[in-house]
Amino acid sequence: MRPITKSLILIAATIFSGSSLAGEVSRAMFTIGIDNREPVIMVDSIDSSSYTSISFFTELTELTSHNVTHQWTFNDQVMFEKTFEVKGPRWRVWTSKTLVPSWTGSWTVNVLDDDRSVLASKSFDYQ
């Protein structure tokens, strides 16, 4: 393939790829706590008789000056949103949710960019 053709394909792929963000979510996880800006332990389910709250941690790289939102959903309904301004090349943020025992089931947190496109999505089970 000719170099000019390769360049045109790369330009077209960049234009039509959707998000123009150069950064990424390098880590995203649910945890039972945060210590020194780091998740204590990663979990994918928690028991309602043992825990009434959970945190969602993300590490963002190369997203300086962008806004990133944690969107918590349960039963396809948005239950909580928190938007963060990313102020450095490596930025760690988290949100926490207190859970009511009747809210058992699958929860999802979507990490959204400035345009509300999904950068990452994780789920956990509240039993």
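The values are calculated or read from the model by the stated rules, or taken from the named source; none is laboratory data. In this text the structure is predicted, and so the values were computed from the model without any measurement. Reconstructed Cβ throughout: ideal geometry from the backbone, glycine too, with neighbour counts over all protein chains shown.
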Report task. Could you tell me whether VAL93 is touching a residue at least 24 places away in the same chain (Cβ under 8 Å), part of a strand (DSSP E or B) and of a type in the set (A, V, I, L, M)? Result -> yes
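Output the residues belonging to the range 49-89 that are assigned to a loop (DSSP other than H, G, I, E, B) and either under 29 Å from VAL100 (Cβ atoms) or in contact with a helix residue (DSSP H, G or I) (Cβ under 6 Å, 6 or more places away or on another chain) (or both).
Listed by number, the residues that qualify are SER49, SER50, TYR51, THR52, ASN75, ASP76.
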Query - Cβ pairs under 7 Å, 6+ apart, first in the range 19-40 and modelled with pLDDT of 95 or more and of a type in the set (Ser, Thr, Tyr), second in a strand (DSSP E or B) and surrounded by fewer than 16 Cβ atoms within 10 Å (Cβ to Cβ) - result: THR31/MET42
Query raised in the report: Tell me, which residue of the range 56-82 that is surrounded by fewer than 12 Cβ atoms within 10 Å (Cβ to Cβ) and either among the charged types (D, E, K, R) or closer than 18 Å to LYS122 by Cβ (or both) is nearest to the chain's Cα centre (by Cα)?
Result: VAL78
Query - Evaluation of HIS66 against (1) modelled with pLDDT of 95 or more; (2) touching a Phe, Trp or Tyr at 6+ places or on another chain (Cβ under 8 Å) (one fails), failing number - result: (2)
